[in-house]
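Okay, so here's the structure we're looking at.
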Amino acid sequence: MVEWITEPGLLDYDSAVARMEARVAAISAGTAEELIWLVEHPPLYTAGTSAQAPDLTDPDRFPVHVTGRGGQYTYHGPGQRVAYVMLDLNKRGRDVRAFVTALENWVIGALAEFGLKGEIRDGRVGVWIARPDKAPLADGTMREDKIAAIGVKLRKWVSFHGLAVNVEPDLSHYSGIVPCGITAHGVTSLVDLGLPVTMGDLDPRSRRGFRTVSRTLKSNPISRTKHYRLRQGTRPHSG
């Protein structure tokens, strides 16, 4: 059984990481259930294991937290739904590709409920929305904006960190970083795309969609990959 907790208010990032690590240890020990933990944070930047210093363009704007998840710099703040995903892949199958694909499909399914087509791009972080309403890139390629990021870590095959979906964050807050090292494309949110959506609209759809996606995870506990740390924007896959 997967427990769901929706955290009220804005949660301090360091407290969130400490609580995640304690829960992951308990799941590994068999003394706690798997958990999907829905939170919001105050404005902050996080630096993943691949973060490059030049991509932090305004280091004094918000607190910067160095974190063990894969990926580069990203932003968390009010109006962004963060889902910390603590699942035991020893029971669900030690298949990194299947796990990350399930997370991607979870986000894409939730966006579809609002009439949006979320897409994945090889070599680019997150879930993306095509923007034919914007001027194309210099080479004629259609612009795309990121609406969700995925960055996870595994410890003894129990996952933590997770994903973040932009509902109505202040998108100007992304200007203090190069989000995930990508300069050619931008960021967006459900509200930015013209949808009058709140957390209360997204959360039940996410929970309903998770039941479908979780069934795609295998129950075979035999590993088919040696890699246990996932990085944003790489596909075995991740974003």
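Just a few scattered comments:
- Pairs linking a residue in the stretch 48-70 that is in contact (Cβ under 8 Å) with a residue 12 or more places away in the chain to a residue that is open to solvent by 80 Å² or more (accessible area, probe 1.4 Å), with Cβ atoms under 6 Å and 6 or more positions apart or on different chains, are Ser50/Arg231; Gly70/Arg229; Gly70/Arg231.
- The set of residues in the stretch 1-30 being among the polar types (S, T, N, Q), under 22 Å from Gly68 (Cβ atoms) and either crowded, with 18+ Cβ neighbours inside 10 Å or in contact (Cβ under 8 Å) with a residue 24 or more places away in the chain (or both) consists of Ser28 alone.
- Residue in the stretch 202-218 that is more than 28 Å from Ala98 (Cα to Cα) and modelled with pLDDT under 95 present: no
- Val100 falls short of the stated requirement of being modelled with pLDDT under 90, in contact with a Cys (Cβ under 8 Å, 6 or more places away or on another chain) and crowded, with 21+ Cβ neighbours inside 10 Å.
- Candidate set: the stretch 31-59, residues that are open to solvent by 20 Å² or more (accessible area, probe 1.4 Å) and aliphatic (A, V, I, L, M); chosen: the one modelled with the lowest pLDDT: Ala51
- Selection over the stretch 188-214 of residues that are open to solvent by 30 Å² or more (accessible area, probe 1.4 Å), touching a Phe, Trp or Tyr at 6+ places or on another chain (Cβ under 8 Å) and not in a helix (DSSP H, G or I) gives a count of 1.
- Filtered residue count, the stretch 120-147, keeping only those that are open to solvent by less than 40 Å² (accessible area, probe 1.4 Å) and without any contact (Cβ under 8 Å) to a residue 60 or more places away in the chain: 8
- Residues (on the phi > 0 side of the Ramachandran plot and modelled with pLDDT under 95) located in the stretch 176-201: Cys180, Gly181
- Every residue from the stretch 125-169 that is among the hydrophobic types (A, V, I, L, M, F, W, C), touching a helix residue (DSSP H, G or I) at 6+ places or on another chain (Cβ under 8 Å) and not in a strand (DSSP E or B): Val125, Trp157, Val167
The values are calculated or read from the model by the stated rules, or taken from the named source; none is laboratory data. Keep in mind it's a predicted model, so treat the numbers as computed, not measured. Cβ coordinates were reconstructed from backbone atoms using ideal geometry, including for glycine residues, and neighbour counts include every protein chain displayed. To get the accessible areas, we keep the full protein, side chains included, count just its heavy atoms, and leave off ligands, DNA and RNA. Shrake-Rupley method; radii C 1.70, N 1.55, O 1.52, S 1.80 Å.
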